[in-house]
There are 4 protein chains.
Amino acid sequence: MSETSIINFASDNAAPVCPQLMEALARENAGPALGYGNDNTTRQMEERFRDLFGCNVRAFPVSTGTAANVLGLGTLAPPYGSIYCHTLSHIQEDECGAPEFFSGGAKLALLDGEDGKLTAEQLDKAIATSGKGVVHHVQPAVISLTQATEAGTIYQPEEVRSIGDVAKHHGLSLHMDGARFANAVVSLGCEPADITWKAGVDVLSFGATKNGAMAVEAVIYFNADKAEEFEFRRKRGAHLFSKLRYLSAQLDVYLRDGLWLENASQANRMADRLATGLRRTGYEPLHPVEANILFVSLPLDRIRKLEQSGFLFYVMGKNGEQGKVRLVTSWDTTEQDVDLFLSCLG
Amino acid sequence: MSETSIINFASDNAAPVCPQLMEALARENAGPALGYGNDNTTRQMEERFRDLFGCNVRAFPVSTGTAANVLGLGTLAPPYGSIYCHTLSHIQEDECGAPEFFSGGAKLALLDGEDGKLTAEQLDKAIATSGKGVVHHVQPAVISLTQATEAGTIYQPEEVRSIGDVAKHHGLSLHMDGARFANAVVSLGCEPADITWKAGVDVLSFGATKNGAMAVEAVIYFNADKAEEFEFRRKRGAHLFSKLRYLSAQLDVYLRDGLWLENASQANRMADRLATGLRRTGYEPLHPVEANILFVSLPLDRIRKLEQSGFLFYVMGKNGEQGKVRLVTSWDTTEQDVDLFLSCLG
Amino acid sequence: MSETSIINFASDNAAPVCPQLMEALARENAGPALGYGNDNTTRQMEERFRDLFGCNVRAFPVSTGTAANVLGLGTLAPPYGSIYCHTLSHIQEDECGAPEFFSGGAKLALLDGEDGKLTAEQLDKAIATSGKGVVHHVQPAVISLTQATEAGTIYQPEEVRSIGDVAKHHGLSLHMDGARFANAVVSLGCEPADITWKAGVDVLSFGATKNGAMAVEAVIYFNADKAEEFEFRRKRGAHLFSKLRYLSAQLDVYLRDGLWLENASQANRMADRLATGLRRTGYEPLHPVEANILFVSLPLDRIRKLEQSGFLFYVMGKNGEQGKVRLVTSWDTTEQDVDLFLSCLG
Amino acid sequence: MSETSIINFASDNAAPVCPQLMEALARENAGPALGYGNDNTTRQMEERFRDLFGCNVRAFPVSTGTAANVLGLGTLAPPYGSIYCHTLSHIQEDECGAPEFFSGGAKLALLDGEDGKLTAEQLDKAIATSGKGVVHHVQPAVISLTQATEAGTIYQPEEVRSIGDVAKHHGLSLHMDGARFANAVVSLGCEPADITWKAGVDVLSFGATKNGAMAVEAVIYFNADKAEEFEFRRKRGAHLFSKLRYLSAQLDVYLRDGLWLENASQANRMADRLATGLRRTGYEPLHPVEANILFVSLPLDRIRKLEQSGFLFYVMGKNGEQGKVRLVTSWDTTEQDVDLFLSCLG
């Protein structure tokens, strides 16, 4: 099957780059500029993040979501520290040990939780019984939340705030993996500040790749002090681009005139349309569908039929005659894509 | 001064992206494709490298020269190993300890050498007296050469071969930092194989960013066995792009129809023109000018005048009334740029 | 309370050094000898281990149980690897992240299991579904068992063998934390080989500190190939003693004439006596008592009384009016100690 | 040749343990005590260090000189930092990359200097031109001095002070490898404080192993703030002994009634006697003989004769008919040993 005939529900990172960002790259390409971020576009991009969050953030573009997460975590967790996160979190499941690598060997302390979410209560209890100050045990250092979660759910602002309070109470930092931050903001209809620094978040991985960029994320420090060592760690992690301005140019346009929210809205709406259609056909999604990811159990023969019809998606496991399917929509998913999927299934 | 009025001799990485690669990005953007290199463009790119080198290489795109170097070195040097390199080498001087980080703490064993080059003789002697097998000492693991060197000079094929023999004799791997590999190949007029696997090179950082790409290098393994763990280390280093195909698309076009050599030829020619002009004006370059980098001592007042006229370059140090200046040409340097520089200096 | 009036059930590492080992130290002290293990005592000690295991082992003395574990694991797990172990295991709970540190950031893959033990079935399933070969996931590298376990239980030879088969089937190494290996051998009445290399164990932490030594463990490699890099990692981990012979001298005597088994027998017998007494008083141990560790729930007022009477032990957690108590016997625990404890409790 | 017939000039770590420390071990062995330093002997030992230095130090016993150095350095240098030291320093030459390992990959910045010593001037210049704050370069973090040096020379108090001022001026920490600290203090006739905290030293490796202990060094923190993370790093480095009290007991006696100075005096006197004898025979030591190490060029035939007569020493290199010999005296070297050596040579 040729790559162009597929319909992608496999991942939002299989989507192409949205046209406004391609144009931004072309504009940036007009001439030379000093490397490593010493350029006007990068400065302008950082200003735009300050406007967006309404505070004096530092914003550092990197090229992968894993890089954003682990470079951030590396400045928050000492080698003898632990990072509290969900068993399903990307940092635990999908980064091949990058958090351990960039932190010099910190330990991920795994917690389960319904719909991919952690609660303030369970975190408080886990940290309180972790042996803080006892030399035999790794020391609680960071809580890392994913927003939107790997299960396609969303933390409400007050949920983040409660967890932020727990972090503060125990002297931990709060990190947010926002690979799908835009989808969360759109879903909540809130200000970006409401679920970040106002709720206690110290460092945010602000995703763009999954929402229309070529390969760009920003690491956002809400506290300049903690940002100091980031730049050395980014370089040392081989993540400082000489031609950084091409990342900055994308982010600059991404934030301008609400493009980032527009793209995420489309993805969320398509997930919603998909969920509605599935329910109508008798397939109840396994988690609340609050962003652009949806899990559902489908009969294996239907899965086969969908695959043969050119739909791309992941089967996360099988159980008898059923398969657990993950469906992800993106900025370029169309109503037609969704309706074709549903009619093929139906 | 606006960024567009500058004339760039600061670095080849300050140049923009060459138009053919911008077009390749646009073409790649036609639709979705599976992530992480599971796409046709990436497969095609790897094939092209096999044609180029005339052997069954593995080729892995990454986005920074430092990433290419240190991910490669990380598969060659154990944590208790040492990497022999020139005191001026990029891995020692300009990567903020990334080689140490990615190798788990290996040591760079520094050697001096005229015009930025190492010799087989000095390497043989250094390795022979390093305490191989003695538990108190780090163990010789890798020799790393830069081709073209940081001084703008070139290793001849027979020089690489002699060093390859030393590596083999002592059981070390041979690594080549080819951030400016294209400039070396053009300068030597040789086949890429002649200065790599046929001369004993195990892993090559094949640069493209400094020669017209946006942010792309390829790590080339001439021995598939040694490539096995690369993929885990790349992911773990946060250097595996979900949208890897946009890197592959650039490399694919870069290698097609000799574009990579064409770009490098322009840069080399302009360096040559600059050198000739400088000599004519009485300024002898400090090293042989064999690629696209040139060092020269200029009077401080001339340096000031050039800077005020919009020429960008680095002053590497001052000595009395003289400043040591580094001038780098790139694929987009024009004869007019060079002549303006010379006339401003003259 | 003075330290001499206490009765120790806190840990076998709170016991003093047994007299035969003190005498060995005095004998070793007769004169000078070359450092770093280049001495006759060390050579003789290693021979003794070959006799003990009936095969051509390499035996390396180190000074802490954590060092033995993590230096061994460091040679078995790559940085992008995972180490399967019990949630209660010492390497997870009590080493402050040392396994992550010495492996360059490998991940501990935690499994629960009754009475502190893992089963071949659960390991097989966990490894089979771990995403072997998939670049996003850490790669299964090692299974680590504790023998005797942290719960005071023992793996039967056939249990170890089944797990060894799973390891072999999936291409993993099998590591054994034998901080209380002597207690296990005594309890099983087997040959040391039966629960190690004949059952698939690659590397063993052979404990002595908890069984009468001053601060000595041996890392045993049943496969010389895998031992090669150990020596560099030991030195680099700062664990190679210049005066290594004082460790070797202890091990030499420890293995001579069955002293190691004699010491462990006493500890096991005292745990058994304690268990019998507790059961008689109505307190059923929480796990089978197979070695020298015993867990039991006691009323909080009894715990207080015991503590005030000079008995040392750890309370692992409280639940209403009950406390979960850990009692550890050692080579110097006497029948009188046990009986005093029981009568104080009774 | 049996080990007892040798006369040791190979290393002070080939000497046995001095009798007072063996007695201390026997005394400590009277009964059980809580592990990991929660014992009276350890508390008393730390008090003794406070008296010795006249300030509120933290003192942590470890078992190897390398451990003392690298655990200390690990708390002073970030992974992206550099540690200035002499090319001959133990941390560069003889620790198999342990400083890189424990610091998470910091770089040793090597400087040459006569007689194994660094000067304030060269350090000031090297740090000033190192690119502080520039993201491409590792960041100056620590200066590490060896006192007495590997060449057998001594830093005068005012020399240490000048270097301490340079460290302070540039915001670096000052570390001292005092594997032979006792020999330096005896040689200088100064107070320990004069060449440590009063001269700007932050962390000291206080050696005892080479001066009569079994395997004990203390890491001394003159600033409690910097000591905080040491305890986690020690445990994580697998260097926290459960039976720590046996290390503490040695240090306690070592410091009592000046035993440490007495032992070092004997070693220094014997080196002096050796130097005097060599000069008389026409062999001028290659460096000033200020402690207990001595280098001298001897004819190869004399070297052979000495070796055949049972004298142990290292030949550091050969040059024509000459060999460069290192001779080290220790607490148990006798006048007879020295005189036998000289008469065998003469």
- Item | Distance in nm between pseudo-label sites at C:Arg269 and B:Ser343 (7 Å out along the Cβ direction from Cα) | 10.4 nm
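Given the convex hull over the Cα atoms of segment D:128-174, what projected area results after averaging over all orientations, in nm²? Please report the intermediate quantities before stating the final value.
Values: hull surface 15.3 nm².
Reported value for the Cα convex hull: 3.8 nm².
Let me spell out the model: positive unit charges on the Cβ of Lys and Arg, negative unit charges on the Cβ of Asp and Glu, origin at the Cα centre of the protein assembly as shown. What dipole size does that give, in debye rounded to 20? Before the final figure, lay out the partial values.
Details: 128 positive and 172 negative charges, 0 e Å.
That gives a dipole near 0 debye.
For the protein assembly as shown, report the translational diffusion coefficient in µm²/s to the nearest whole number, using Stokes-Einstein at 37 °C, 0.692 mPa s, and a Kirkwood Rh over Cα pairs. It would help to have the intermediate numbers written out before the result.
On the way: Rh = 33.6 Å.
It comes out at roughly 98 µm²/s.
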- Which values of log₁₀ I(q)/I(0), to two decimal places, follow from the Debye formula for segment B:135-208 at q = 0.11, 0.13, 0.17 Å⁻¹ with a uniform point scatterer at every Cα? -0.26, -0.35, -0.57
- For D:Arg269, place a label point 7 Å out from Cα along the Cα→Cβ vector, do the same in each other copy, and report the separations in nm, one decimal, smallest first. 5.3, 8.3, 9.4
- segment D:191-248: C-alpha pair distances exceeding 14 Å, %: 64 percent
- Task: Compute the accessible area of each residue in segment A:187-222 twice, once for its chain alone and once with every protein chain present, using a 1.4 Å probe on heavy atoms, and list those whose area falls by at least 10 Å².
- Result: A:Thr209, A:Met214, A:Ala215
- Message: Positive end of the dipole of segment C:19-258, charges at C-beta (+1 Lys, Arg; -1 Asp, Glu), about the Cα centre: which of C:Ala67, C:Leu34, C:Leu88 has its Cα farthest in that direction?
- Response: C:Leu34
- Note on the structure: Around A:Ala267 (Cβ within 15 Å, Cβ-to-Cβ, excluding A:Ala267; K/R +1, D/E -1) the net charge comes to -2
- Item | Inter-copy separations for D:Asp165, label at 7 Å along Cα-Cβ, nm, ascending | 5.5, 5.5, 7.5
- Estimated [θ] at 222 nm from DSSP helical runs (n ≥ 4, -39500 (n - 2.57)) normalised by residues in chain C, nearest 500: -12000 deg cm²/dmol
- Note on the structure: One would report the antiparallel percent of DSSP beta bridges in chain D, rounded to the nearest 5, as 50 percent
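What dipole magnitude, in Debye to the nearest 20, does segment B:19-258 give about its Cα centre under +1 on Lys/Arg Cβ and -1 on Asp/Glu Cβ? All intermediate terms of the calculation are to be shown ahead of the outcome.
Numbers: 22 positive and 30 negative charges, 133 e Å.
Dipole of segment B:19-258, to the nearest 20 debye: 640 debye.
DSSP loop (so not H, G, I, E, B), at most 16 other Cβ within 10 Å: list which trypsin sites (Lys or Arg not before Pro) in segment D:102-208 pass both filters. Walk me through the numbers before you get to the answer.
Numbers: sites: D:Lys107, D:Lys117, D:Lys125, D:Lys132, D:Arg161, D:Lys168, D:Arg180, D:Lys198; in loops: D:Lys117, D:Lys132, D:Arg180.
Here the trypsin sites (Lys or Arg not before Pro) that fit, given the DSSP loop and packing criteria, are D:Lys132.
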- Message: For a quick check, take a GNM of chain B with Cα springs below 10 Å and name the residue from B:Asp112, B:Asp177, B:Asp272 with the largest mean-square fluctuation.
- Response: B:Asp112
- Note on the structure: Straight-line reach check, C:Lys305, cutoff 17 Å on alpha carbons, 8 or more apart in-chain or any other chain, hits among lysines -> C:Lys318, C:Lys324
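Report, to two decimal places, the Cα Rg of segment D:19-258 normalised by 2.2 N^0.38 Å (N = number of residues). All intermediate terms of the calculation are to be shown ahead of the outcome.
On the way: Rg = 17.4 Å, N = 240, 2.2 N^0.38 = 17.7 Å.
The value comes to 0.98.
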- Note on the structure: Eigenvalues of the alpha-carbon gyration tensor of segment B:80-178, times 5 and square-rooted, give semi-axes in Å, largest first, of 20, 17, 11
- Message: Give me the percent relative contact order of chain D, please, defined on Cα pairs under 8 angstrom at least 6 residues apart.
- Response: 24 percent
- With all distinct Cα pairs included, what does the Kirkwood hydrodynamic radius of segment C:21-151 come out to in Å, to one decimal, could you say? 17.2 Å
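Under the Kirkwood approximation for Rh and a Cα-based Rg, what ratio Rg/Rh is obtained for segment D:282-346? Mind showing how you got there, number by number?
Details: Rg = 11.5 Å, Rh = 12.3 Å.
Answer for segment D:282-346: 0.93.
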- Query: In debye, nearest 20: dipole of segment D:243-322 around its Cα centre with unit charges on the Cβ of K, R (+) and D, E (-)?
  - Reply: 180 debye
- Message: Can you tell me which of A:Thr209, A:Thr64, A:Thr129 moves the most in a GNM of chain A? Springs connect C-alpha atoms under 10 Å apart.
- Response: A:Thr129
- Note on the structure: Per the Kirkwood formula over distinct C-alpha pairs, the hydrodynamic radius of segment D:189-300 in angstrom is 16.9 Å
- Note on the structure: The correct pairing of chain D residue and whole-Å distance, for the Cβ nearest the axis that maps D onto A, is D:Gly104, 2
- Item | Charge dipole of chain C about the Cα centre (unit charges at C-beta), most positive-ward option of C:Leu76, C:Gly237, C:Gly171 | C:Gly237
- Message: As a test question: what accessible area, to the nearest 10 Å², does A:Val201 have when a 1.4 Å probe is rolled over all protein chains in place?
- Response: 10 Å²
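Ignoring ligands, DNA and RNA, what percent of the 1.4 Å accessible area of the protein assembly as shown is carbon and sulfur?
Working: 21930 of 47100 Å².
The nonpolar share, carbon plus sulfur, comes to 47 percent.
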- Item | Reachable lysines from A:Lys198, criterion Cα separation under 27 angstrom, eight or more residues apart if same chain | A:Lys117, A:Lys125, A:Lys132, A:Lys168, A:Lys210, A:Lys226
- For C:Val315, inter-copy label-point distances (7 Å, Cα→Cβ), nm, shortest first, read 5.5, 6.8, 7.2
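Rounded to the nearest whole Å², what accessible area per residue is found for chain C with the 1.4 Å probe? Walk me through the numbers before you get to the answer.
Details: 11780 Å² over 346 residues.
Result: 34 Å² per residue.
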- Among B:Trp197, B:Phe295, B:Ser130 - extreme Cα towards positive end, dipole of chain B, charges at beta-carbon: B:Ser130
- Note on the structure: Output row, site D:Gln322, 7 Å Cα→C-beta label point, backbone N cut-off 15 Å, window segment D:265-279, residues D:279
- Dimensions (Å) - segment B:51-96, Cα atoms, principal axes, largest first: 34, 22, 17
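The values are calculated or read from the model by the stated rules, or taken from the named source; none is laboratory data. Fair warning: this is a prediction, and the values are worked out from it, not measured in the lab. Every residue, glycine as well, gets a Cβ built from its backbone with ideal geometry; the counts of neighbours run over all protein chains shown. Ligands, DNA and RNA are excluded from the accessible area calculation, which covers all protein heavy atoms including side chains. Shrake-Rupley method; radii C 1.70, N 1.55, O 1.52, S 1.80 Å.
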